[in-house]
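To start, the structure under review is shown below, and the notes come after it.
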Amino acid sequence: MKPKLASPTLNALRPLLPAYAGLFALSLFLPFLYFSAPLFVSQIMERVTTSRSELTLFFLAIIALFLLSVHAFLEWVRQKALRRIGADIDQRLGLVLFDAMHRPRPAAGLNASPSTLNDFNIVRDTLSSTSVSAVFDAFWSPLFIIAMALVHWVFGLYALLMVVFSAAMSLLNAALVKNDNERFQRMSGKAAEFGFAVTRNVETVRALGMLPRLRDRWYDLHGRMLGWQQAAARPNDIIAAVVRFVRNAQMVLIYVIGIILFLQQEVSTSVVFIAMIVMLRAMGPIDSLITNWRSYAGFASALSRVDAILKDATQQTNRISLPGLSGPLVVSRVFASAPGGDKPILTDVSFSVAQGRTVGIVGPSGAGKSCLARVLVGVWPPRRGSIAIGDHDLSHWNEDDLGQQMGYMPQDVELLPGTIAENIARFDPKAAEDSSGIIAAAELAGITDLIKLLPEGYNTRVGPGGHVLSGGQRSRIALARAVYGMPSFIVLDEPNSNLDALAEQSLMTMLQKLQAMQSTVLIVTHKLNILNYCDDVLVLNAGTVQAFGTRDQIVDRIPRIRSQPNLMVIEGSAEGRRS
Ligand SMILES: Nc1ncnc2c1ncn2[C@@H]1O[C@H](COP(=O)(O)OP(=O)(O)OP(=O)(O)O)[C@@H](O)[C@H]1O
């Protein structure tokens, strides 16, 4: 069995090893071809200048041009291979990463940021760019040193000393800038996220006169980021200057060594010339590794962030797809907190709902109602306890299959970039051929009149650059999206908070139709009129079930529910709670 690498990203790219091996083999020929031009010059100096033969010059030129064209061709093949490797990396990891970014991960929650895709671009580009060929070329530096030693051992020793010096400088540089560079990367992410949050909330920011303060705060983060970048660059600049000086000086020194050897009649002048060229070739790749340290450091930190996202990515694909959702909902002893958080939000929540019943979930702000809604639809996995529909625990389902059989409307509705039809159909490509499901969902949600008023009806585009919908219009389209496919299990989180009286009436009609269709519906609400359309009521307070029972039982037992339009704290025992 092949040993597993610590990096899940590199593990996933293992099948590309033969491609890299091919690239390495190709890189094997290139160093030899580097010698074409210097050999041509030395041959001219040795043969043509003494024989004065133009024919020799002509043949030497033909050979040199042929070798140079082979060199150019192999370089082109190498670039093409690298580009193909880049496309392959994208194919292998692009979808997996996008998927993993949007799934909850037990250890870290859902904390992928928009810059994660940028990190992936850095990883892909580095692994398919000249950064790779530079490493391969550097691998051949010892060959050049041997070549120099074959010419004369003094040249070999000198080249070896130079390579060791440059490598030591490179390692020293990496060690000196490591911490500052990591701080720079972290601060760069923070500044970008802060700027992104301000851009997203620009209207509130301007309306409340917050722009100057937020600008200053962003500039503070930005300034700190630049500070760490400069701190990381400082040792690098000094080392780069030293390396540059040594690089320039080494040409002088090799000439001095060469001429001394020439004076001692140990080598010819053309050999000194070749030694100088070979020296350049030996040092070139190592110099470029040192100069490119920033891109290698950027690659390492981008790789570690992509690795963190991919670590738990395999869990989802292992789950099986189960048959359709049907049967009672049984929530038993559920404890939950936000993904990646420790603070308990739901504590020991248990209740069961027979199929086809409509349950109103009420309770004061911060009681955990939205958290319960998220747990019920599986986007927040419970810490402990189980949620089952029929005979199946929801945690055993494949998340995507489960989602397609459920309806969910979140508290803050945001539609995705696309048409109204695509949003209602949850971007199901089959809906483009058969729109009956979209129309049925729109009719059930009572939004056909609303759609008729839109500039291009179902084909109206929403999202950046598209038609701007009002909050109420968005909520109503999200309702149609929730009932698309006539799911038998639906969770609606404050569906009527943005609705006018007419739209609220459509919602009530929809609830009645869903009851007739035997769909189980759970509605989080602050507006108590909706309870008239519920069979059961669950009262949540401070993350625990305070009361659960039939509507009449609960509403009669807690008179304050009726009298308070905005339910604050509901008093009463948890009697009548089913578990
Ligand atoms: N994404 C989150 N990360 C961490 N904590 C969260 C998150 N969302 C909610 N909480 C916390 O969970 C608790 C319950 O929040 P929740 O949104 O479920 O309340 P709610 O009953 O729906 O309130 P409201 O009626 O105001 O919508 C709150 O204390 C909140 O701070």
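The values are calculated or read from the model by the stated rules, or taken from the named source; none is laboratory data. As the structure is a computational prediction, the values presented were derived from the model and not from experiment. Cβ: placed from backbone, ideal geometry, glycine included. Neighbour counts: every protein chain shown. Accessible surface is based on the protein model in full, side chains and every heavy atom, while ligands, DNA and RNA are left aside. Shrake-Rupley method; radii C 1.70, N 1.55, O 1.52, S 1.80 Å.
By how many nm would the segment from ASP216 to GLN553 grow when fully extended, if each residue of separation counts as 0.36 nm and the alpha-carbon distance is taken off? Write down the numbers at each step before the final one.
Numbers: separation 337, 0.36 × 337 = 121.32 nm, distance 5.59 nm.
Computed gain between ASP216 and GLN553 is 115.7 nm.
On full extension of the chain, what length is gained from LEU226 through LEU65, given 0.36 nm per residue of separation minus the C-alpha to C-alpha distance?
Taking 0.36 nm per residue and subtracting the Cα distance, the gain is 53.1 nm.
Provide THR199, THR520 ordered by accessible surface of protein heavy atoms (probe 1.4 Å), highest first.
My answer, sorted largest first, is THR199, THR520.
Would you mind checking the tilt of helix 130-139 against the longest principal axis of the Cα atoms of the chain, expressed as 0 to 90 degrees and rounded to 10?
With rounding to tens, the tilt is 40 degrees.
Rounded to the nearest 10 Å², what accessible area does ASP391 have for a 1.4 Å probe in the complete protein model?
Probe radius 1.4 Å; accessible area of ASP391 about 150 Å².
For a paramagnetic label modelled at 7 Å from the Cα of ASP237 toward its Cβ, which residues of region 144-174 fall within the zone defined by backbone nitrogen distances under 18 Å?
Output list for this probe position: 173-174.
Is the shape of region 323-401 best called rounded, prolate or oblate, per the rule: a/c under 1.5 gives rounded, else a/b larger than b/c gives prolate, else oblate, with a ≥ b ≥ c the square roots of the Cα gyration tensor eigenvalues? List each step's numbers first, then the result.
Working: a/c = 1.93, a/b = 1.30, b/c = 1.48.
Judged from the Cα gyration tensor, region 323-401 comes out oblate (a/c at least 1.5, b/c at or above a/b).
Relative contact order of the chain, please, whole-number percent, based on alpha carbon pairs below 8 angstrom and at least 6 residues apart. Spell out each step's value before the answer.
Numbers: 805 pairs, mean separation 82.2, N = 579.
About 14 percent, as a whole number.
Can you give the accessible area of PHE262, probe radius 1.4 Å, in Å² rounded to 10?
80 Å²
Going by amide H atoms built from the backbone, whose H comes under 5 Å of the H on GLY385, apart from near neighbours?
Residues meeting the amide H criterion: PHE335.
Find how much the distance from LYS343 to ALA19 grows on full extension, using 0.36 nm per residue of separation minus their present alpha carbon separation; answer in nm with one decimal.
Between LYS343 and ALA19, full extension yields an extra 111.8 nm.
Might you work out the accessible area of TYR158 for me, using a 1.4 Å probe with all protein chains in place, and round it to the nearest 10 Å²?
20 Å²
Got a sec? Which residues in region 202-225 would a label at LYS190 touch, if it sits 7 Å along Cα→Cβ and we count backbone N under 11 Å?
220-225
Considering only Cα-Cα distances, which of the following residue pairs are longer than 29 Å: LYS430/LYS452; LYS80/LYS178; LYS190/LYS369; LYS190/LYS311?
Going by Cα-Cα distance, LYS80/LYS178; LYS190/LYS369 fall outside the 29 Å limit.
How high is the relative contact order of region 329-562, in percent, counting Cα pairs under 8 Å that sit 6 or more residues apart?
On the way: 442 pairs, mean separation 67.5, N = 234.
Normalised by residue count, the contact order of region 329-562 is 29 percent.
Tell me what the chain gives for mean residue ellipticity at 222 nm when only DSSP H runs of n ≥ 4 count, each as -39,500 (n - 2.57), the sum divided by the residue total, rounded to 500 deg cm²/dmol. Numbers along the way, then the final one.
Working: 22 runs with 341 residues, N = 579.
Dividing the helical sum by the residues of the chain leaves -19500 deg cm²/dmol.
With label points built 7 Å along Cα→Cβ from the Cα atoms of SER51 and ASP99, find their separation and express it in nm.
According to this spin-label approximation, the distance is 6.6 nm.
Taking amide hydrogens as modeled 1.01 Å from N in the peptide plane, which residues meet the under 5 Å criterion relative to VAL267, leaving out close sequence neighbours?
PHE262
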